[in-house]
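Chemist: Sharing a structure with you now.
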Amino acid sequence: MDRQQDNGRFISNEDGNGDGFFDLWPTSFLHRKLENTAAANETLLGFILQQEKNRQDMTVDYLSDNLFAHSAPAIDWLKQCINKTVADYLKKLPINYDIKWSVQGWANINRHGDYHSLHNHPHSYLSGTYYIKVPDARGGSRSDLNPGAISFFDPRPQANLTAIMGDGQIDPEFRIQPEPGLMLLWPSFLHHLVHPNLSDDIRVSVSYNVLLKDVQRYLPHN
């Protein structure tokens, strides 16, 4: 038998490389700590708090304004960091052809008790968050609370039900405790949520979507 079919994907045995382990249906996630961000974060925080005075609903009404359409040095810096992160992500996949994209972003201000329920980001290819101000997450009355953390979930429902000890699929949740200067990037289809902020201090971040230009050019031919 020259070829094996695996749910529509063909694995060739003709060159002798058809045996062994394969990582099927990968989900690449990028976690990157930017260096020397204190000054930029302070400027971004002031800009966002000023914007909030004019748009009280900007955290939830994220489509009505693109943060990166504003002209300011700190905004331009953040956009450059995001574009570099996206380019590195695409290179890792690897995608070896030219892709053009735009970035649409919005600020999130979470005060005491604020959270984001389970969701994903439709109509975009990649999504991410950059963290500007993160309050101390320690404390709380219960050990199962994860104040201010962000959780991502395995896109394969119930994939962990047959997992045994040592199986990497046993935990369907991937949780991160953010810190200022942290940049995250993931496929937009991943469901995620943000745990409540239990601090009296605000939690400020910028979320963004990566929108592909001329999408028809990138669609598979098969």
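The values are calculated or read from the model by the stated rules, or taken from the named source; none is laboratory data. Since this is a predicted model, take the numbers as computed values, not measurements. Reconstructed Cβ throughout: ideal geometry from the backbone, glycine too, with neighbour counts over all protein chains shown.
Chemist: Mind checking which pairs have a first residue in the range 208-222 that is part of a loop (DSSP other than H, G, I, E, B) and a second that is at pLDDT below 90 and loosely packed, with under 10 Cβ neighbours inside 10 Å, Cβ under 9 Å, 6 or more apart or different chains?
Modeler: Within 9 Å, the pairs are Asn222/Gly8.
This table checks each residue for (1) without any contact (Cβ under 8 Å) to a residue 40 or more places away in the chain; (2) over 28 Å from Leu190 (Cα atoms); (3) outside any strand (DSSP E or B); (4) aromatic (Phe, Trp, Tyr).
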site	(1), (2), (3), (4)
Ala39	yes, yes, yes, no
Gly46	yes, yes, yes, no
Gln56	yes, no, yes, no
Thr59	no, no, yes, no
Tyr62	no, no, yes, yes
Phe68	no, no, yes, yes
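Chemist: Given the condition farther than 29 Å from Phe47 by Cα, in a strand (DSSP E or B) and not aromatic (Phe, Trp, Tyr), answer yes or no: does some residue in the range 152-174 qualify?
Modeler: Yes: the range 152-174 contains one or more residues that are farther than 29 Å from Phe47 by Cα, in a strand (DSSP E or B) and not aromatic (Phe, Trp, Tyr).
Yes/no per residue for (1) out of contact with any Asp or Glu (no Cβ under 6 Å at 6 or more places or on another chain); (2) under 25 Å from Trp25 (Cα atoms); (3) at pLDDT 95 or above:
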{"position": "Ala74", "(1), (2), (3)": "yes, no, yes"}
{"position": "Leu78", "(1), (2), (3)": "yes, no, yes"}
{"position": "Cys81", "(1), (2), (3)": "yes, no, yes"}
{"position": "Thr85", "(1), (2), (3)": "yes, yes, yes"}
{"position": "Ile95", "(1), (2), (3)": "yes, yes, no"}
{"position": "Asp98", "(1), (2), (3)": "yes, yes, no"}
{"position": "Ser102", "(1), (2), (3)": "yes, no, yes"}
{"position": "Ala107", "(1), (2), (3)": "yes, no, yes"}
{"position": "His119", "(1), (2), (3)": "yes, yes, yes"}
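Chemist: If the requirement is being touching a Leu at 6+ places or on another chain (Cβ under 8 Å), modelled with pLDDT of 95 or more and farther than 21 Å from Leu78 by Cβ, which of these qualifies: His123, His191?
Modeler: His191
Chemist: In addition: Can you name the residue in the range 156-206 that is touching a Lys or Arg at 6+ places or on another chain (Cβ under 9 Å) and of a type in the set (A, V, I, L, M) and, of all such residues, is farthest from Ala39 (Cα to Cα)?
Modeler: Checked the range 156-206; the qualifying residue farthest from Ala39 (Cα to Cα) is Val194.
Chemist: While we're here: Only one residue in Ser199, Ser188 is touching a Pro at 6+ places or on another chain (Cβ under 9 Å), small (Gly, Ala, Ser) and under 13 Å from Val134 (Cβ atoms), so which one is that?
Modeler: None of the others qualify; the one that does is Ser199.
Chemist: So Gly18 passes all but one of these: (1) modelled with pLDDT of 80 or more; (2) small (Gly, Ala, Ser); (3) closer than 30 Å to Gln169 by Cβ. Which condition number does it fail?
Modeler: (1)
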